[in-house]
Each structure stands twice: as C-alpha cells, then as structure tokens.
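Undergrad: I have a structure here, written as structure tokens, and I will follow up with some questions on it.
The values are calculated or read from the model by the stated rules, or taken from the named source; none is laboratory data. Because the structure is a prediction, the values reported are computed rather than measured. Because the Cβ atoms are built from the backbone with ideal geometry, glycine has one as well, and the counts that use them run over all protein chains shown. Areas reflect the complete protein model, heavy atoms only, side chains present, ligands, DNA and RNA absent. Shrake-Rupley method; radii C 1.70, N 1.55, O 1.52, S 1.80 Å.
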Amino acid sequence: MIAILKHGTTPEQTQHLIDWLARMDLDVHVSQGAQVTVLGLIGDTSRVDMELLGSLEMVESVKRVSEPFKQANRKFHPNDTVIDVGGVKIGGGNFVMMAGPCSVESEEQIIEVAKAVKASGANILRGGAFKPRTSPYAFQGMKGEGIQLLLKAREETGLPIVTEIMNISTLDLFRDVDIIQVGARNMQNFDLLKELGKTDKPILLKRGLANTLQELLMSAEYIMSGGNERVMLCERGIRTFETYTRNTLDLTAVCGLHELSHLPVIVDPSHATGKAKLVPPMAVAAAAAGADGLIIEVHNDPAHAMCDGAQSLTPAQFDDLSRRVRKVREAVL
Ligand code: PEP
Ligand code: MN
C-alpha cells in the first residue's frame, strides 16, 4: 500500500503519520520527491483502514500495490534511484560503462585491460575472480588472488571494481570491492541474497537464464528488504529456442524494468550474444532503449582468453563501441 502526501505536509506531520502506521506493525518506506512524498507501507496492510488513512488532512491518496515486490517498485519510489559508487553515479540519467575481462588471469592482463578501457571511457572495471563455469574441469578463476589483482588495478587506474560472489562464505574477501555481482546462476540463491541485504555494498543483480522480470524484481526485493537498497538490475540474455546466439537479449526488459522499478538497469550484451561481432550493435541498441549502463567483456588477447574469448572485444573494438554508444546517447536523449 502507498500513501501519497499532499504538497506542503511538514516533516512533523509526516513523522506523526509514520509513528501511527508503525504502531500497526508496518514498516514505512519514505520517498521524498521534489513534488510529492510517498509513504510505502510494508507488512500486513490488511489492518489498515484505507478510508480512514485517505481521509486524513495531509493525505492526497491511498493505493494498494498489487505487485509482490514493494521496495523495488516504482510506485513506492517514483524517482529513479541513483547509486553512487566511489563518485561514479549510476541511474537517473547517469550512464555507466563497466568493462574488463571475463576473468582476471594475471596482474599484467588486468592492469593492461584496465588502462585500456579507462582510456576509452569506461568508469568501472569488471573482472571475474570466482567463476561459475558449466564444466568443473574449466578454469574456475583466481579467487581471492584475483580480487587482490583487481584492487591493484583500481589503485593504478582509479576505476572502481565489480566482481562476482558465488558463496557467502567468501564475503570477507569482498571487503574492499566496490560492487558485488550476483551472477545469473545465483539470481535465486535466496540465502545469498539475504546475506547481501545485510551489507552496504552496491549489488549488480543479473537476471537468471530463465527468469521473468517479476522474478528478477523479487530477487532484488530479497536484498532490499534486508536493508540494502543499492541494487542494479542486469539484463544479460535469457534462454530461448534460438541457438545462433548464446542467449537471447531481451531489450524490452530495459523498458519493462524501468516501468516497474526505480532501480538502474544495466545491459550485458557480451553474455547475451556470445559473439564479439554482435556486442557493439546490441550495446548501441541497449543505449538507445534507455539502459543506465553497459557491462562489456574486453580482453587484451581474446584468442587466448581463459574464459569467454569468443564474446570478448579487443581494446580497439571497445574504443569504437564506446564512441558509438556516446553518439547514440546524444542522439536519443
Ligand atoms: C559474468 O559476468 O562473468 C557472468 C558469469 O555472467 P552471467 O552470470 O550473466 O552468466
Ligand atoms: Mn564471461
């Protein structure tokens, strides 16, 4: 349920109302916009007398929110959420370019790629240290050592870093990481999501291989209901009958998620397509569709990458993509 307050309601009146609602065992989420203040009521709202609430002097209107996601819902928070990651703003018109290799492989590799993508306009460095691989015989990542190398690359370039967590038992190793990624395969690892909800780290939550937008938003809700509201949603392609591409990039997710939610939406055309050639056009399309950012795999030597070489761009290809994305954003905004 949401209650929209009348323009001009004082902070004291608002607090008074919140206290009254809290006595009904409800959590109240306050969204203070330039024009309106929205109170989002979380909990068993069946006890709230809508007529009574709506009749209060300061209340403009009361509505039931039928969707099961509440805190992620745009109705609870009409303005776009802007997430600040070490000075880099994401969402609400602030576009982010995350780039880097699928996996951290060595100090030379990650630092070389970090410098290159930064020069081309990337503002966040990606790199997997814990890798969720389909085969147990495939390279599983450099783990803790990989995170240390990412931190070194951050020191060298100033770029904040994003890297994937697979198991909550490793959370300590992510202490200095700027954004924690939850990969597609863990989107519904609810215990992991609950624990991340207790942290203060921005979370990049990727859509599961066969999950709906509502399921993605419910997973965001797991994190947010624990107290961590800094969640970014990531469309990375879903499994369909098409085999030409690794997955099928669902660009309608950008618009759908923006309509349903206030959280920033990032698009990953690398995992969506699986083919380096298709990454730039889909990146451009995502920017045109209104994505709040991109996450792109870039490798200094894709032919010899330990993971996802076929979908990785060279630094020169990334430079070109970045230039085209900037142009498209200027054209459509
Ligand atoms: C990744 O970003 O490295 C990754 C494994 O992506 P996804 O979870 O989308 O497959
Ligand atoms: Mn990858």
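Undergrad: For residues that are within 16 Å of ligand 2 (Cβ to nearest atom), under 16 Å from Phe95 (Cα atoms) and assigned to a helix (DSSP H, G or I), tally how many sit in the range 283-317.
TA: Residues meeting the conditions: 1.
Undergrad: Which condition breaks for Val265 when tested against (1) in contact (Cβ under 8 Å) with a residue 60 or more places away in the chain; (2) touching a His at 6+ places or on another chain (Cβ under 9 Å); (3) within 16 Å of ligand 1 (Cβ to nearest atom)?
TA: Here Val265 meets the rest and fails (1).
Undergrad: Do we find that Leu263 is at pLDDT 95 or above, in a strand (DSSP E or B) and either within 15 Å of ligand 2 (Cβ to nearest atom) or not charged (D, E, K, R) (or both) in this structure?
TA: Spelling it out, it is not the case that Leu263 is at pLDDT 95 or above, in a strand (DSSP E or B) and either within 15 Å of ligand 2 (Cβ to nearest atom) or not charged (D, E, K, R) (or both).
Undergrad: Of these, Glu330, Glu297, which one is within 16 Å of ligand 1 (Cβ to nearest atom) and among the charged types (D, E, K, R)?
TA: Criteria check complete, one pass: Glu297.
Undergrad: Something else about it: With the structure loaded, tell me whether Arg230 is open to solvent by 10 Å² or more (accessible area, probe 1.4 Å), within 16 Å of ligand 1 (Cβ to nearest atom) and of a type in the set (Lys, Arg) or whether it fails that test.
TA: When the stated conditions are applied, Arg230 does not pass them.
Undergrad: Does Lys131 qualify as being basic (Lys, Arg), part of a loop (DSSP other than H, G, I, E, B), within 16 Å of ligand 2 (Cβ to nearest atom) and in contact with a strand residue (DSSP E or B) (Cβ under 9 Å, 6 or more places away or on another chain)?
TA: yes
Undergrad: Let me ask something else about it. I'd like the full set of residues that are of a type in the set (Gly, Ala, Ser), surrounded by fewer than 24 Cβ atoms within 10 Å (Cβ to Cβ) and within 13 Å of ligand 1 (Cβ to nearest atom), limited to the range 268-282.
TA: The one that is of a type in the set (Gly, Ala, Ser), surrounded by fewer than 24 Cβ atoms within 10 Å (Cβ to Cβ) and within 13 Å of ligand 1 (Cβ to nearest atom): Gly274.
Undergrad: Please find, within the range 186-223, the residue that is nearest to Phe174 (Cα to Cα) out of those that are within 16 Å of ligand 2 (Cβ to nearest atom) and buried (at least 18 other Cβ atoms within 10 Å of the Cβ).
TA: Per the criteria, the residue is Leu204.
Undergrad: Further, regarding this structure: Within the range 193-227, how many residues turn out to be in contact (Cβ under 8 Å) with a residue 40 or more places away in the chain and within 13 Å of ligand 1 (Cβ to nearest atom)?
TA: Within the range 193-227, residues that are in contact (Cβ under 8 Å) with a residue 40 or more places away in the chain and within 13 Å of ligand 1 (Cβ to nearest atom) number 4.
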